[in-house]
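Report on one structure; see the data block that follows.
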Protein chains: 2
Amino acid sequence: MPTIRDVARLAGVAPITVSRVINNNGYITEETRQRVNIAIKELEYMPNTLARSLRSHKTHMLALILTDITNPFWTTVARGVQDAASDAGFNVILCNTDESEFEQGRNLKAMLEKQVDGVLLVPAGNPKEAIDLIHAQDVPVVVLDRRLPGNLTVDVVRCDSEGGAFALTQLLISLGHHSIAILSGPQGISTSDDRMAGYQRALKEAGLDAAAVLYGEFTLESGYSLAQTVLAAAPRPSALFAGNNFIAIGALKALRDAALRVPEDMSVVGFDDLPQALIVDPFLTVASQPAYSMGHKATETLIARLSGLASETPQEIVLPIQIIQRHSTAKFQ
Amino acid sequence: MPTIRDVARLAGVAPITVSRVINNNGYITEETRQRVNIAIKELEYMPNTLARSLRSHKTHMLALILTDITNPFWTTVARGVQDAASDAGFNVILCNTDESEFEQGRNLKAMLEKQVDGVLLVPAGNPKEAIDLIHAQDVPVVVLDRRLPGNLTVDVVRCDSEGGAFALTQLLISLGHHSIAILSGPQGISTSDDRMAGYQRALKEAGLDAAAVLYGEFTLESGYSLAQTVLAAAPRPSALFAGNNFIAIGALKALRDAALRVPEDMSVVGFDDLPQALIVDPFLTVASQPAYSMGHKATETLIARLSGLASETPQEIVLPIQIIQRHSTAKFQ
DNA sequence: CTGTTAGCGCCTTCAC
DNA sequence: GTGAAGGCGCTAACAG
């Protein structure tokens, strides 16, 4: 592999001059620039980013640490991140934590050792330790999707889960449902907690009680078994609120297997829409989160902070959620 | 940020000794190891991977260059790659090309400058130039999903598109369909071409002619408009072969909008299954590719080559495709 | 078992 | 406008 010195020798200049041509900084005569560029072509020279980064303390790499790229919600977020990063000349290293605090720590450590310029973090478990670790290395972080407990010490870009859940529950109530069960994600994850809070607030405002409050995981299996639990109870609620897309699909499978029709026998609403490219007949009434925008915005925020363009105090950006009424909900008879 | 020298000073040893402790190589007295480890904890020392890589010529980073992470097929492949990489202590940088040769070149160049240890490439357009570029840098590549023209100079891990398409078409024929149209992806992409070939071979063996052969993109929109074209023709075929998952969904939407029932009025088969976690009632008869295995296997192959464990001559690994018969196909009346 | 020397490839700093 | 010196943090190669 030719180095900057080989180019310099061939062009008859000093290595630093080649460096200046490559990075397009400092004053260079058009003529020397030409000569250097010719030498670069000649040798098929490629700069070694490692050496550059070691010296310049900038890697142009961002870490994206999320729970599971297999969930289309996160896929879409990741695409937003990628596009924003790419536009600004950054590359993205992706890590899956599968909601494991251990994996999060392991990945984070690896990313910091790789000297990433910034971290986009969807915190698994208690994020305190993770964020402290990142801060100790003076690396900017933006937290994605989830609220942080206590005082804000980092930028957060998330969606209005509480408001979305409130509106979604209100929709069910406005359709005449008085007995609404919630199949929630895990307690302690802010999106779960916020959706629960929005659900509770809507019920309270309407003077209703929760028909059933069940906690599980953000998975298909969990949705299936939570729904089964609800269906086993008597009296059966008339509507189901699913805490995310996988729970919703699991619940729908349970309903199908129990030979219950949606929405005739049970109305169902979910959180997170599925990409239109995957669904022939969109059916589920959902609170749709702007996943792509969230990833894109978070990345822009992070890059702004890297460039020193951001305000000193951390920002919390909360994106609105859209209710999309489809055919999984009907008036209660 | 403390460096290896700070740790060495505190522990009263030479930097190289610290290095040996960190990397767990060479002989070290348990006692010095202890002292070094205490110093590391004390200073919250983190090795700088850039410097290490610059010296050792290993980055433990792989590039995954694919078309679009938003397609669940690629998402699943990516997860397979991630898991295999993670198990072997590698990180993955993900790049989307959107089938653009230009983007592919740009990303590839960036990845090589970053000194990735290996490249997993889903080639967009003509891969010759891309592969030459990678080879020029002496970086191992594994090509994913797509056949390469001409002599094999790199490892390839892909699925048996031709065989899958053959079996899928045979299934339609065995159901009595004699007029089968194909909505293909772009010409020149081997997966497209192979599926077309399998389709043609099955027809030929049965002494049938293709009802309609249409080329488009691997997108929802393309599937929709190709299907519309087919439906406008008279006589209408009795079955549709969709070149990938997005084309299939687009076609199904077109059929729905034309008020045609599947499978009563038209049988439909597709390539690529959708993850079960996304679908309540799997409906489409498909040729299902082992996406996760493909990503996993390709990564293992790449890492084996990095470690010098692989055979000298490039391998082509072809994974079998499974036909899953569901409810989008019916006997021709 | 531990240390010394040198250098990976580049860019920061300062000189001219 | 260009160059020389030095060092970013680490480890390969060689001693002892």
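Structure notes:
- Test: residue in the stretch B:260-269 that is farther than 24 Å from B:ASP194 by Cα and outside any loop (DSSP other than H, G, I, E, B): no
- Among residues of the stretch B:107-155, those that are over 16 Å from B:SER190 (Cβ atoms) and of a type in the set (S, T, N, Q), counted: 3
- Of all residues assigned to the stretch A:62-75, none qualifies as being at the interface with chain B (Cβ under 8 Å from one of its Cβ atoms), within 16 Å of DNA strand D (Cβ to nearest atom) and crowded, with 19+ Cβ neighbours inside 10 Å.
- Among the criteria (1) surrounded by 24 or more Cβ atoms within 10 Å (Cβ to Cβ); (2) assigned to a helix (DSSP H, G or I); (3) of a type outside the set (Phe, Trp, Tyr), the one B:VAL286 does not fulfil is (2).
- Scanning the stretch B:77-93 for residues that are within 7 Å of another protein chain (Cβ to nearest Cβ) and of a type outside the set (Lys, Arg) turns up B:ALA78, B:GLN82, B:ASN91, B:VAL92, B:ILE93.
- Residue ID - nearest to A:ASP138 (Cα to Cα), chosen from residues in the stretch B:34-60 that are of a type in the set (D, E, K, R) and away from DNA strand C (no atom under 13 Å from the Cβ): B:GLU44
- The lone exception for B:SER307 - which of (1) free of Cβ contacts under 8 Å to residues at least 24 places away in the same chain; (2) touching a Pro at 6+ places or on another chain (Cβ under 8 Å) it fails: (2)
- Checking each residue in the stretch A:188-199 for being at negative phi and either surrounded by 18 or more Cβ atoms within 10 Å (Cβ to Cβ) or at pLDDT below 95 (or both) picks out A:ILE189, A:SER190, A:THR191, A:SER192, A:ASP193, A:ASP194, A:ARG195, A:MET196, A:GLY198, A:TYR199.
- Residue tally, condition part of a helix (DSSP H, G or I) and more than 25 Å from A:SER190 (Cβ to Cβ), over the stretch A:245-258: 6
- Each residue in the stretch B:22-45 was checked for being more than 30 Å from B:ARG305 (Cβ to Cβ) and within 40 Å of the chain's Cα centre (by Cα), and 2 pass.
- Residue list for the stretch B:270-312, restricted to those being of a type in the set (Gly, Ala, Ser), within 14 Å of chain A (Cβ to nearest Cβ) and over 16 Å from B:ARG195 (Cβ atoms): B:ALA277, B:GLY295
- Hits in the stretch A:132-160 - residues which are within 14 Å of another protein chain (Cβ to nearest Cβ) and not polar (S, T, N, Q): A:ASP132, A:LEU133, A:ILE134, A:HIS135, A:ALA136, A:ASP138, A:VAL139
- Inspection of the stretch B:223-244 finds a residue satisfying the criterion of being in a loop (DSSP other than H, G, I, E, B), under 22 Å from the mean Cα position of the chain (by Cα) and under 18 Å from B:ALA165 (Cα atoms).
- Among the residues making up the stretch A:7-33, those that are surrounded by 15 or more Cβ atoms within 10 Å (Cβ to Cβ), at pLDDT 90 or above and more than 8 Å from DNA strand C (Cβ to nearest atom) are A:ALA8, A:ARG9, A:LEU10, A:ALA11, A:VAL13, A:THR17, A:VAL21, A:THR32, A:ARG33.
- Filter result for B:PHE271 (among the aromatic types (Phe, Trp, Tyr) and farther than 21 Å from B:PRO320 by Cα): no
- When A:VAL143 is tested against the conditions (1) crowded, with 22+ Cβ neighbours inside 10 Å; (2) more than 11 Å from the chain's Cα centre (by Cα); (3) not acidic (Asp, Glu), the lone failure is (2).
- Some residue of the stretch A:239-258 being of a type in the set (S, T, N, Q) and within 14 Å of chain B (Cβ to nearest Cβ): yes
- Where a residue in the stretch A:33-53 is of a type in the set (D, E, K, R) and its partner, wherever it lies, is more than 12 Å from DNA strand D (Cβ to nearest atom), with Cβ under 8 Å and at least six apart: A:GLU42/A:LEU10; A:GLU44/A:PRO2; A:GLU44/B:ALA136
- Residues of the stretch B:8-61 that are within 9 Å of DNA strand D (Cβ to nearest atom), hydrophobic (A, V, I, L, M, F, W, C), part of a helix (DSSP H, G or I) and within 14 Å of chain A (Cβ to nearest Cβ): B:ILE22, B:LEU50, B:ALA51, B:LEU54.
- Scope the stretch B:94-131; condition out of contact with any strand residue (DSSP E or B) (no Cβ under 8 Å at 6 or more places or on another chain), more than 11 Å from chain A (Cβ to nearest Cβ) and outside any helix (DSSP H, G or I); matching residues: B:GLU99, B:SER100, B:ALA124, B:GLY125, B:ASN126
- Matching residues in the stretch A:306-333 - criterion: being among the β-branched types (Val, Ile, Thr), in a loop (DSSP other than H, G, I, E, B) and touching a strand residue (DSSP E or B) at 6+ places or on another chain (Cβ under 7 Å): A:ILE321, A:THR329
- Residues that are hydrophobic (A, V, I, L, M, F, W, C) and within 18 Å of the chain's Cα centre (by Cα) within the stretch B:305-333 comprise B:ILE317, B:VAL318, B:LEU319, B:ILE321, listed in sequence order.
- Here B:ASP257 fulfils each of the conditions (1) under 22 Å from the mean Cα position of the chain (by Cα); (2) of a type outside the set (Val, Ile, Thr); (3) surrounded by fewer than 17 Cβ atoms within 10 Å (Cβ to Cβ); (4) closer than 30 Å to A:LEU255 by Cα apart from (1).
The values are calculated or read from the model by the stated rules, or taken from the named source; none is laboratory data. Predicted model only: the values in this text are computed from it and were never measured. Cβ atoms come from the backbone with ideal geometry, glycine included; neighbour counts cover every protein chain shown.
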